[in-house]
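To keep things clear, I will list the structure first and then write my remarks on it.
The values are calculated or read from the model by the stated rules, or taken from the named source; none is laboratory data. Just so it is clear, the structure is predicted and the values come from calculations on it, not from any experiment. Virtual Cβ from ideal backbone geometry, glycine too; neighbours counted across all protein chains shown.
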């Protein structure tokens, strides 16, 4: 029992470290935050698939804290009020990254469940960023091709979708490729809840 808990904690730490390293490999970065990374959410999703939602949420919360501290210097430089800063850190970092832990919600359903859980987790992250864009940032402005957008709901969805939808697609493709490999399937075989 003790060895299995130690193994789980070690795997969680490795997945957070791997996700953090992958988050530095940016394929594309938007000017006001948000980027397409090299599968940075996939390690956290895999951990959730193996260990379940509760443990997945714990590891994704740790990943959220790491992401927040990495970006803290930049965020503090934006000149936000205390209330806006706290709301930004809670929504755009803590909550947005923590929801990735729900990827294991259908972990007993094999590959289709694993992919469905991953998609739902990333869509939840997109939703949190969307809410942040509407509630905190109230942003409007130019989107693709110089098109002016004055509706903050449409702008937030377009802006956050511009990086989260490709991130979703790449993560799902990466997950399908990895999860079809017998070696990976053995490594992330769902562990029974204790």
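Odds and ends about this structure:
- For segment 2-19, a residue qualifies if it is at pLDDT 90 or above and within 15 Å of residue 189 (Cβ to Cβ), and the qualifying residues are 7, 8, 11.
- All conditions but one from (1) under 25 Å from residue 172 (Cα atoms); (2) surrounded by 15 or more Cβ atoms within 10 Å (Cβ to Cβ); (3) at pLDDT 90 or above apply to residue 158; the one that does not is (3).
- For segment 16-39, taking the residues that are out of contact with any strand residue (DSSP E or B) (no Cβ under 7 Å at 6 or more places or on another chain) and touching a residue at least 60 places away in the same chain (Cβ under 8 Å), the one that is surrounded by the fewest Cβ atoms within 10 Å (Cβ to Cβ) is identified as 32.
- Candidates 65, 111, 57: the one that is in contact with a helix residue (DSSP H, G or I) (Cβ under 9 Å, 6 or more places away or on another chain) and over 25 Å from residue 134 (Cβ atoms) is 111.
- Hits in segment 66-88 - residues which are modelled with pLDDT of 95 or more and either surrounded by 15 or more Cβ atoms within 10 Å (Cβ to Cβ) or assigned to a loop (DSSP other than H, G, I, E, B) (or both): 66, 67, 68
- Single unsatisfied condition, residue 27 versus (1) closer than 21 Å to residue 161 by Cα; (2) part of a helix (DSSP H, G or I); (3) under 16 Å from the mean Cα position of the chain (by Cα): (2)
- Matching entry among 50, 55 (being touching a residue at least 24 places away in the same chain (Cβ under 8 Å), surrounded by 21 or more Cβ atoms within 10 Å (Cβ to Cβ) and assigned to a helix (DSSP H, G or I)): 50
- Residue list for segment 30-48, filter: touching a helix residue (DSSP H, G or I) at 6+ places or on another chain (Cβ under 8 Å) and more than 13 Å from residue 63 (Cα to Cα): 30, 32, 33, 34, 35, 36, 37, 38, 39, 46
- Selection of segment 136-155 for residues being out of contact with any helix residue (DSSP H, G or I) (no Cβ under 9 Å at 6 or more places or on another chain), modelled with pLDDT of 75 or more and not in a loop (DSSP other than H, G, I, E, B) yields only 154.
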